[in-house]
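Notes follow once the structure below has been shown.
The values are calculated or read from the model by the stated rules, or taken from the named source; none is laboratory data. Keep in mind that this is a model prediction, so the values were computed, not measured. Neighbour counts run over all protein chains shown; Cβ positions are idealised from the backbone, glycine included.
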Amino acid sequence: MTQQDVRDLGARIDALLDELEGSAPPAIIARVEELLRAVIGLYGAGLERVVALLRDDEHGESRVRRLAADDLVASLLLLHDLHPDDVRTRIQQALDRVRPYLGSHAGGVEFLGVDADGVARLQLEGSCDGCPSSAVTVQLAIEQAVLDAAPEVVRVEVEGMVSTGPKLLQIQPLHRTAGAGAGSAAATGAGDGDGWHPLRVGAAPGHVEQLTVADVAVLVCNLGGAPYAYRDTCPTCGVDLSGGALFADVLRCAGCAGEYDVRLAGRALAGAVANLEPLPLLPDGDGWRVALPQRVMT
């Protein structure tokens, strides 16, 4: 079962419960809720016993951590408060994973802690100046990473956004809906309804490719095995950047020879007049998800 399958199943359960609440008598709803609590409690008790038995020998902790490394098992461990890492550790690890895909926009994300009300607080030390979509894409990427790693968090507050915007960016938890699975290497399907879409990366290290996501041309650059995504349009001459070439971290446009720093959020270099438009990526099982701000989803 993939991560997308898990999201689809969770969305289906929520939809069935909502349908039941809108049609069944209160007494029936109460019995169904009692049944769900009993089933969850039974499986939770069994999972707790499994974890306890694993920890009985000298290699137990490493085995539990191996289980926790699986996304599906980790979600069950979190549900029953059995995950080996606390919320602070999980959020810090999530931010470490997402930093490379935010480039210079949020290279200095610092986790400040989770308060008693379940609000996770972070400090941004990067800059989004000169990149119109940066505030939106950074918001999506950080929110997704934190909420995936710590579902017990009720809200995320990020301080230190660009001076042209609000000083405090308040991010509400996502309300996910069922989405389609990843498509072929040439295109991807619909997203989760929250701005994120599945992406199947096929470019070899040192190469670029164009993928179509929700009718948007996305440029993927593979830097030593790490993919970076941008909208596939040269801001200098308007041609597709997928016809260009990578030289280490630098992408050169085939139309105007303008150069851009792929690793640093598409920063304009020699011959370029504006930065590229970055699109954050997050790992999703064996694939990736890409964030498309609403303003580019046409």
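Could you look through the stretch 265-298, keep only residues that are modelled with pLDDT under 85, assigned to a loop (DSSP other than H, G, I, E, B) and among the aliphatic types (A, V, I, L, M), and pick out the one that is nearest to HIS197 (Cα to Cα)? So, considering only residues that are modelled with pLDDT under 85, assigned to a loop (DSSP other than H, G, I, E, B) and among the aliphatic types (A, V, I, L, M), the one nearest to HIS197 (Cα to Cα) is LEU292.
Checking each residue in the stretch 270-288 for being out of contact with any Pro (no Cβ under 9 Å at 6 or more places or on another chain), hydrophobic (A, V, I, L, M, F, W, C) and surrounded by 15 or more Cβ atoms within 10 Å (Cβ to Cβ) picks out only LEU282.
Inspect the stretch 206-225 for any residue being part of a loop (DSSP other than H, G, I, E, B), within 16 Å of ALA291 (Cβ to Cβ) and at pLDDT 85 or above and give the result as yes or no. Taking every residue of the stretch 206-225 in turn, at least one turns out to be part of a loop (DSSP other than H, G, I, E, B), within 16 Å of ALA291 (Cβ to Cβ) and at pLDDT 85 or above. A Cβ distance below 6 Å, combined with a sequence gap of six or more or placement on separate chains, defines the contacts here; from the stretch 61-86, residues that are farther than 18 Å from ASP284 by Cα and in contact (Cβ under 8 Å) with a residue 60 or more places away in the chain reach no residue that is among the charged types (D, E, K, R) and assigned to a helix (DSSP H, G or I).
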